[in-house]
Structures are given as structure tokens and as C-alpha cells.
Amino acid sequence: MSLSEVAPINYRARWIVPVAAPVVHDGVISIASGRIVSVESYRGQSYLSDLGDVAILPGLVNAHTHLEFSDLATPIGTAGMSIADWLPEVVCARRQQQLTQDQRTAAILKGIDEVVRTGTALLGEIATKPWPYEAVVAQQSLASDRELRIVAFCEVLGLSPGRQQELLDWAETQIAGGGNDRIAFGISPHAPYSVPPALLESCIDRARSRSIPLAIHLAESLEERRFIESGDGPLRETFESLGLPGLEQYPLAITIDQMIQRVATAPRGLLVHGNYLSADEIQTIASHHQRLSVVYCPRTHAFFDHAPHPVADLMAAGVRVALGTDSRASNPDLDLWNEVRHLLRHRQDLDPRDVVAMATRHGADALGQPTYGRLQPGSDGHLFVLKTAAATEASLWETLLDAQPIQLLGER
Ligand SMILES: [Zn+2]
């Protein structure tokens, strides 16, 4: 081990926000070999790099994206459209683009670069077949000073047995490979309208046997609920127009509440979106607090012009809520701090402290990566730094929206 790997870097800052511990005014954070050694008050320590008027937060956690769309300059479709109208536009856009595998890989690597550049340290990625594991590993090693940790959820979907088996086999192969110290695998049954109950059970079985997390898009739209419960409505019309087989399996004999209970038998379950969860479903999620989390994607939620998100009700019930950008197919960028800003602007019923926890610790815990999302000894050494001259802790939170992120050279 070289001296440079063990010699700690010590930053002094006006504010340190450890997230899982009280805020420190005029603090010093020490980092060695990419890990936090200590967080303490300034009391004349030497060998400091004084950052001055800043607040240091943990590296951000983006709990949900689809990097394959990272080549898009603007979202697909138009703001305010329904999921039932948007899905065929995505299919159509992808058919028109006819991306080669090299172009798909380039899009994913571009997305990784974007999330790293904008301060994300830990990412929940929905990996669709074929996901370029080797290329992602190679990119990470190239950017070794800005390493990203990825939990890659292998996506499984299909209403026909052949497609289901193909994707289950592919997911199994990826998961059996085991990942590496930067990439961990999970499994993602896509959504109730594309994953019949037996396929959901197969995914839950694999999550349990491999001790990996599971992510599912759930309660995203009213159309989804109608298709599951009644088998008709705009989603059925969309799927019929796309010529999808297997639609006779809907309506399902299982409710969304029962699906949540089944997902709770996996070691860890991320319920993505949850835009239209009922009060009873929220209670069910809360009763499985250790295992279940909801991932809220604020700007994607706004893109589809959904009814107000039940985020406040979820948190009041004790549910862990993480944040995600979702993809560039429904969001202009992958900058997680822009999700925080969106909430600070549009959800003033939320406490800014909770919003920061959603962008850090809650995401880390949702993904099963507890060394991320908090500043404490032993935690990951990525920092997210904001320019702020706030004189009091109260004003730090009140002016959070105005605080500009800054890049820290030689951070680790
Ligand atoms: Zn998604």
C-alpha cells in the first residue's frame, strides 16, 4: 500500500451534513483510501484543506434509472401525455433509431459519465438484455478516482412463456456471474402489466435464493391499475395495437396489495413510482419497512402530469422513500440534485432534511448499500459539496435551493 493511499485528506467546511447524525458547524471530515475516517468539529487540526463556505453532504444516491436512454437529448413524447400513449412512442422511437449494440453501450457509458459528473455515488440501474457488463467495468476502471457503485437490476418481462424464459435465463447468467466490487446485481420484474403473477414469483424466488434485491415499477398509473383489475382500458388498447400476445391473462387474480406482500418476501424490494398507492397499500408497505422501499422519481412524475405523489403520506406512515431520476426518456437529465431542487420548489410540505435523506441515506438503504448515503467512519468517501454561506443551521435548510453544487478536485 503506497503512502498516498493511507495518508488522509482532511477537509474543513462551514457545514457538514452527515445525514445519519446531527449537522456539524465548522467541521472537519477525514478521508483515506476512499473511506471516511472521521467527522468532527474543527478544533485547530492541522494539514487541512479549508473549503470555506460550503456544506459537505454524502455522494448522492440515484435509486432508479435506465441508462440505455442516456443518448436522448430530450424526453420521448410530450409532457402531460399518458403512459398508455407514451409506451408506443418509446417502442416507435427505438425502432426508428435501430441502435447497434455499440451505440447502446455508448449510451450507457454516457449516462454513467453524467451521473458521476453530477455527484451520484451509488446508482440503481435497470439493466436490459444485453447489458454491457464488460464495457461498464472497463469504464469504471478508467475513471478510478470517480468510481460509481451500481446495483444493476436485470430486467425480466414478457407475457409469452418463450420471452419470459429467455429473460429469466439471461438474468440468471448475469446474477450467477456475481458482479465485482463496483457492480452488484439484482432482479427487476418490470411491471404488473408486463409480468404475470407466475413470472413475478419466479423473480422473487431468484431474489431469495441469491439474496439479491428486487425492483418493480408499481402503481405508476391509473391505467395500470385498471388493466390489472379489470383487464381493459387504454393500456389494453395500446398493447393490442402493438400486437402483444398473452393479453388474455388480464385481469389478474392478484391485487396490487397482494403483489406488495409477495415482493416483501424478497430480501429487499424497491417499489418504483408508487404514484397511485392507496392508503391500505401504503400501510402494507409500512408494515414491511425493513424490506420494502418506494422510489419516487419527481420530475418523471411531473412529466406525466400525475396526481400529487403520496410521498408525504408514505413518510408519515414510516415508509422509506428514495429518489430516482428515471431515464432520459421521461426526464431532461440524470442529475439527482435536480430532483431535490424540484421537490424544494414544488413540495414545500416536505422538510428539506427529509428530501436530503431521500437523496442519500434512504436510497442507499433501499439498495442495500449502507456504507453509502451517510458521512460516518467507514462510509464511502464520495462527497457532494454545495456552496453556501448560511450562518445558522436553520438558514442552511431554508436556503438549500440556492446552494450551488461545486466540484471538488482530488476529492478521494
Ligand atoms: Zn423506470
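If you take the square roots of the eigenvalues of the alpha-carbon gyration tensor of region 60-366 and sort them as a ≥ b ≥ c, do you get rounded (a/c under 1.5), prolate (a/b over b/c) or oblate? Rounded. Among residues other than residue 372 with Cβ under 10 Å from its Cβ, the summed charge is +1 (Lys and Arg +1, Asp and Glu -1). Normalised by the number of residues in the chain, the average gap of Cα pairs under 8 Å and 6 or more apart makes the relative contact order 22 percent. Working ranking of peptides 123-129, 291-297, 52-58 by packing, defined as the average number of other Cβ atoms within 10 Å per residue, highest first, is 291-297, 123-129, 52-58.
Note that the chain presents 40 Å² accessible area per residue, ligands and nucleic acids not counted, probe 1.4 Å.
For the chain, carbon and sulfur atoms together expose 51% of the accessible surface, with a 1.4 angstrom probe and every protein chain in place. Counting charges near residue 304 (Lys, Arg +1; Asp, Glu -1) among other residues having Cβ under 11 Å from its Cβ returns a value of -4. What is the percent of Cα-Cα separations in region 234-294 that go past 20 Å? In whole percent, the long-distance tail amounts to 41. For the chain, the share of DSSP beta bridges that are antiparallel, to the nearest 5, is 40%.
The values are calculated or read from the model by the stated rules, or taken from the named source; none is laboratory data. Owing to the predicted nature of the structure, the values given are computational and were not obtained by experimental measurement. With ideal geometry, Cβ positions are generated from the backbone for all residues, glycine too; neighbour counts draw on all protein chains shown. For the accessible areas, the whole protein counts, side chains as well, though only heavy atoms, and no ligand, DNA or RNA atoms are used. Shrake-Rupley method; radii C 1.70, N 1.55, O 1.52, S 1.80 Å.
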